[in-house]
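Beneath this line is the structure, given in structure tokens, with notes to follow.
The values are calculated or read from the model by the stated rules, or taken from the named source; none is laboratory data. Every value quoted in this text rests on a predicted model; they were computed, and no experiment measured them. Note that each Cβ is placed from the backbone with ideal geometry, even for glycine, and that neighbours are counted across all protein chains shown. Surface accessibility is based on the protein's heavy atoms, side chains included, excluding ligands, DNA and RNA. Shrake-Rupley method; radii C 1.70, N 1.55, O 1.52, S 1.80 Å.
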Amino acid sequence: MQKIAELIKKEAESLLKENKVTAVWAWQPGEFYYDNSPVCFTAPEQLDKLVYNEFCPSNLGKYLMAGSKKNETMAVFAKPCDTYGINQLIKDHRIKRELITVIGIPCSGMIDIKKIKNQGVKGIISVSVSGDDVIVTTAYGDKNFKKSEVLLAKCMSCKGSDYMIADKELGEKMEVKCQKLNPEDGVKKLEAMTSQERFAFWQQELSKCIRCNACRDICPACSCEQCIFDNQEAAVAGKASANTAEEQMFHIIRAYHVAGRCVGCGECARVCPQGIQLGLLNTKFAKDINEFYGKYQPGADDDSKAPLVDYKFDDVEPTISAKGVR
Amino acid sequence: MLKINKAKWAELFAALSAQGTLYLPAEVDGKVDFTVWQDGTEVNLQATQTAKSIKNVFFPQIENLLDFKTDGLKLSVEQRMLPEEDTIAFGVRGCDVCSFEVLDKVFLKEPVDAFYKARREHCTIVSLACSAPDETCFCDTFAIDATNPGGDVTTWLVGDDLFWQANTDKGKELTEKIQALLAEGDEAGVNAQQKATKEIMAKLPLADFKIDPKIPAEQEKVFNSAIWKQLSDSCLSCCACTYVCPTCHCYDVRDFEIDNKVERFRCWDSCMCKDFTKMAAVNPRVSRLERFRQRYMHKLVYFPENNEGTFACVGCGRCLQKCPVSLNIVKVAKALGVAKDV
Ligand code: SF4
Ligand code: SF4
Ligand code: SF4
Ligand code: SF4
């Protein structure tokens, strides 16, 4: 990863120096080893702060929206999974393709610090990663982990090392090495439940929601300029978890709205401060869409028509599909 | 000093809960949060930090204040009863105990918030000293002693014993009610733990973090600093940081209409939100930069200016843990500390 970080720095430097773009989106370090933040660099001398390591999970694509509106030229570094979200934003007319330079960067999986901390690790002073070995130095002594066992859930179901959009690629492609996770497995468990059980499951899960909107704000498919849930005039505008019905409304509407556009990046579930299993909701929609309309991967391109906005003669009839006939 | 062994904790919790609704840190769905104790609650006194703060015991995320009812042309107004139920907040860490003092400066100042006051007066706070501080902790920056957290009663967990010391009249009253369960203990174990904890704290990454005195002093320069642009560019304008923060206290008052009744309620709000503070028509802070700056100006500049230098942050570290993009008060204060224009 260190080598790639160097390549990224060099690339950013030449883009800014040669005035090919006015801004470069990358990551900068935080207080600890694991809390890198997205950052917008606008001058070459800022670049000594640029970082790329196993703790850069954020997709930077959504940050291009604000600049695109102002017709700024921007470059963005994108891991393979990030490129799906960028395509989706282009397709949804939120980013102008001609203004952006996408630079694909390889990734071997991002580490989930929560998985480490949930094992009782506290007082982290530094983290060092080499191959599959992760050594966490803490004020209470060193702890060892295997990277393959502490990856983010989204990395355990990595869609592969190819870029769906890239004007340039840096370094050699890398693979995520771990026990692969199929996001549909969780959905199958839900499908096996009775409707009462499922209702109880979601009621319990969604009652944890504090309506902070982090899931919505990080989502590359949630790109409305004015979200209905921020509209004071709409009865649904809720800053508070008024009651469970309201939270359910928020999540169901969001899930419907991103259906067929959700790229399955897993960012919503990653950022939820309450640990709500949001992926299950979106994966269920994606699974149904695949079954009803044929396999479709949102964000794999920037111009195909999504199944729900495209009518074909042999499209499934909802009433019939309920009985299992296509 | 008094103590009670782990074997008797179940009895302790039952006895406390007989005195009032008992909130304590417990494991729910894989995370630790303050929960109302019931038989079978998985109490967790090991976790340094609960996911959310405990401010909702005094300042619930949502509460109804008034009802308006119409009957033909007749309008009646019914005020909601003041919340006068006795509560006990158990296992509160030092940072969170101090957060109540920050909230008091807001809600107990004229005009006093009757709902907050009623809840505050009916609550007995039993604090729990820290023995395993985390890297995100920086209570020491605000001169908060994590090893002696205060409240009405202070407790220390040493091995399998919970040491107990009443600090206030309220604390003594509670102690008397459960006296039969407590045994005499000696302080040596507590003192040793306090020393060990301080040694650990000195090794943590934020041990030397201080808020530069020029920050609260140079209001105008801080306000106009160039640091806000780059930092706020990465903010998502969600409100995770404000909702998990023990000292953030903004709220909105709204009406909810059902049938021939209107419920007037208040709910948490966040200065990070686009639709915050719709004064007359719009949020006066139209840009993300202005909203982002407001949160930190409030905590580091305006609040201390109006409250004898008290910052509206207690160093609990929740915003460091929960921000989806790892922005937080430490990052901001450090950036201001080294900013050339401040
Ligand atoms: S996985 Fe979540 S954050 Fe990602 S596109 Fe789908 S709904 Fe949005
Ligand atoms: S991030 Fe989690 S808590 Fe916040 S609104 Fe989304 S589901 Fe609710
Ligand atoms: S600003 Fe952050 S560290 Fe300070 S009290 Fe709030 S959540 Fe805790
Ligand atoms: S600082 Fe972080 S948690 Fe707070 S509003 Fe911005 S993105 Fe959300």
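One table, with the values for the structure above:
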item	result
Filter result for the condition that a residue is part of a helix (DSSP H, G or I) and open to solvent by less than 60 Å² (accessible area, probe 1.4 Å), over B:THR147, B:THR197, B:THR154, B:THR136	B:THR197
Qualifying residue in region B:268-287 (condition: within 27 Å of B:GLN61 (Cβ to Cβ) and within 16 Å of ligand 1 (Cβ to nearest atom))	no
Residue, most open to solvent (accessible area, probe 1.4 Å), within region A:255-268, restricted to residues that are in a helix (DSSP H, G or I) and more than 7 Å from ligand 1 (Cβ to nearest atom)	A:TYR256
Within region B:303-338, considering residues that are among the aliphatic types (A, V, I, L, M) and surrounded by fewer than 18 Cβ atoms within 10 Å (Cβ to Cβ), the one farthest from ligand 2 (Cβ to nearest atom)	B:VAL338
Hey, B:ALA192 in the same structural domain as B:THR50 (by TED's automatic domain parsing) and on the phi < 0 side of the Ramachandran plot or not	yes
Where B:LEU300 falls short, out of the listed (1) more than 16 Å from ligand 2 (Cβ to nearest atom); (2) within 14 Å of chain A (Cβ to nearest Cβ); (3) open to solvent by less than 10 Å² (accessible area, probe 1.4 Å)	(2)
Elements of type helices (runs of 4 or more DSSP H) in region A:79-156, at least 2 residues being under 15 Å from A:ASN59 (Cα atoms) and open to solvent by less than 10 Å² (accessible area, probe 1.4 Å)	A:82-91
Options B:LEU327, B:LEU236; residue that is of a type in the set (A, V, I, L, M), within 11 Å of ligand 3 (Cβ to nearest atom) and outside any helix (DSSP H, G or I)	B:LEU327
Residues located in region B:171-191, provided they are outside any helix (DSSP H, G or I) and surrounded by fewer than 17 Cβ atoms within 10 Å (Cβ to Cβ)	B:ALA183, B:GLU184, B:ASP186, B:GLU187
Number of the condition not met by A:ARG94 [criteria: (1) over 16 Å from the mean Cα position of the chain (by Cα); (2) within 14 Å of chain B (Cβ to nearest Cβ)]	(2)
Residue within region B:211-222 that is facing another protein chain (nearest Cβ under 8 Å), under 26 Å from the mean Cα position of the chain (by Cα), part of a helix (DSSP H, G or I) and in contact (Cβ under 8 Å) with a residue 12 or more places away in the chain present	no
Single residue of A:ASP112, A:ASP133 found to be modelled with pLDDT of 95 or more, charged (D, E, K, R) and over 22 Å from B:GLY30 (Cβ atoms)	A:ASP133
B:ILE125 among the β-branched types (Val, Ile, Thr), more than 14 Å from chain A (Cβ to nearest Cβ) and surrounded by 24 or more Cβ atoms within 10 Å (Cβ to Cβ)	yes
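Yes/no matrix, rows are residues, columns are (1) touching a helix residue (DSSP H, G or I) at 6+ places or on another chain (Cβ under 9 Å); (2) open to solvent by less than 60 Å² (accessible area, probe 1.4 Å); (3) within 16 Å of ligand 4 (Cβ to nearest atom):
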residue	(1), (2), (3)
A:ASP162	yes, no, no
A:GLY171	yes, yes, no
A:LEU181	yes, no, no
A:GLU205	yes, yes, no
A:CYS212	yes, yes, yes
A:ILE228	yes, no, no
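Every residue, every condition in (1) assigned to a loop (DSSP other than H, G, I, E, B); (2) more than 13 Å from every other protein chain (Cβ to nearest Cβ); (3) open to solvent by less than 20 Å² (accessible area, probe 1.4 Å), yes or no:
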residue: B:LEU12; (1), (2), (3): no, yes, yes
residue: B:SER17; (1), (2), (3): no, yes, no
residue: B:ASP33; (1), (2), (3): no, no, yes
residue: B:ASP39; (1), (2), (3): yes, yes, no
residue: B:GLN46; (1), (2), (3): yes, no, no
residue: B:SER53; (1), (2), (3): yes, no, yes
residue: B:PHE59; (1), (2), (3): yes, no, yes
residue: B:LEU66; (1), (2), (3): no, yes, no
residue: B:PRO83; (1), (2), (3): yes, yes, no
